[in-house]
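Got a structure here, written out as structure tokens. Questions coming.
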Amino acid sequence: MRPPFIALALFGITAPVSAGDVAVTLEGVKDPEGALVVCLWDRDAKFPNCEKGEPVKRIVLPATAKTATFEGVSDGTYAVSAFHDANGNGKLDTNFIGMPKEAVAMSNNPRLMGPPRFKPALFEVAGQTAITLRFQGM
């Protein structure tokens with residue numbers, strides 16, 4: 001009789017995990033061809049490389065899309081990266097020194113002077129959250 005009572009007592013003292021949607025407004029896409037790849041991150045492993053990294057969620061949309069919505073995101077600290085896959089090959093194309101040949105965007109819209117960093121792109125999610133990404137480059 002005690003184990004169910006203990007389980008109920010423990011269940012009653014755990015904090016519920018809240019989840020909401022993260023709505024991302026996409027601005028500055030100049031070319032309607034191709035696709036937009038938008039990724040949600042909770043750690044910096046390979047950030048912002050959506051193909052080689054491990055984003056929490058990944059959304060692929062037409063290049064004409066104005067919003068992306070990540071549904072059911074638990075409260076916490078996250079970053080969003082995106083790129084305009086103009087040629088539809090599924091990856092961010094770069095030149096011989098690794099600079100993007102396609103437009104890119106990060107949460108908080110940091111000015112990109114070198115490889116994007118995870119910390120400047122972090123933002124808090126608490127329930128319903130809305131952010132805006134501004135694409136830079138091409």
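Over the Cα atoms of the chain, compute the convex hull volume and normalise it per residue, giving Å³. Provide the component values of the computation, followed by the final result.
Working: hull volume 16.9 nm³, N = 138.
Once divided by residue count, the hull of the chain is 122 Å³.
Give me MET113, MET106 sorted ascending by neighbouring Cβ count inside 10 Å, so fewest comes first. Walk me through the numbers before you get to the answer.
On the way: MET113 6, MET106 24.
Listed from fewest to most nearby Cβ atoms, that is MET113, MET106.
Run the reach check for LYS30 against lysines, Cα to Cα strictly under 16 Å, same-chain hits fewer than 8 apart removed. What comes back?
Output for LYS30: LYS66, LYS101.
If you don't mind, another one. Give, in nm to one decimal, the length gained when the segment between LYS66 and ALA126 is fully stretched (0.36 nm per residue of separation minus the Cα-Cα distance). Don't skip to the end; give the middle numbers.
On the way: separation 60, 0.36 × 60 = 21.60 nm, distance 2.25 nm.
That works out to 19.3 nm of additional length.
Each value in this text was obtained by applying a stated rule to the coordinates, not by laboratory testing. Every value quoted in this text rests on a predicted model; they were computed, and no experiment measured them. Here the Cβ is made from the backbone with ideal geometry for all residues, glycine too, and neighbour counts use every protein chain on show.
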